[in-house]
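The structure under discussion appears below in the form of structure tokens.
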Amino acid sequence: MSEPPPETVRVDIWLWRARFFRTRRLATEHVSRRGLRITRHRQTRRTDKPGTPVAPGDVLTFGRGPHIQTIKVMALGVRRGPPDEARALYSQLGDDDVQ
């Protein structure tokens, strides 16, 4: 009998699983140093804590180099898989899509 999937996961782990960062350490350092915004149920908050939980439906906004990424968490994943599996964890949003 397998365990049900978790309802949330740490944001640094999720960013690593979704392949936004090459290592979990880089994801952790990015969140700690630069922070990100999490929008859940139309409420946005800023965090610099890598252990902040994210859930499907959350919208994450964070800087990567000169670009701002806005993505919607579609799934949490259970591992850092191949790129096709990672792309299924999120959908890219434009400025008009953020609620």
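Can you find a residue that is free of Cβ contacts under 8 Å to residues at least 40 places away in the same chain, under 12 Å from Leu15 (Cα atoms), surrounded by 12 or more Cβ atoms within 10 Å (Cβ to Cβ) and of a type outside the set (Ser, Thr, Tyr) anywhere in region 48-60?
no
Per-residue answers, yes or no, for (1) under 13 Å from the mean Cα position of the chain (by Cα); (2) within 16 Å of Arg79 (Cβ to Cβ):
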residue: Val9; (1), (2): yes, yes
residue: Ile13; (1), (2): yes, yes
residue: His30; (1), (2): yes, no
residue: Arg34; (1), (2): no, no
residue: His41; (1), (2): no, no
residue: Thr52; (1), (2): yes, no
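For region 24-63, what are the residues that are in contact with a helix residue (DSSP H, G or I) (Cβ under 7 Å, 6 or more places away or on another chain), small (Gly, Ala, Ser) and not in a strand (DSSP E or B)?
Ala27
Report, by residue number, each residue of region 10-38 that is buried (at least 16 other Cβ atoms within 10 Å of the Cβ) and of a type in the set (A, V, I, L, M).
Val11, Ile13, Leu15, Ala18, Ala27, Val31, Leu36, Ile38
Read-outs: derived from the displayed coordinates by stated rules, not from any lab. What you see is a predicted model; the values in this text were computed from it and never measured. Note: ideal-geometry Cβ built from the backbone for every residue, glycine included; neighbour counts use all protein chains shown.
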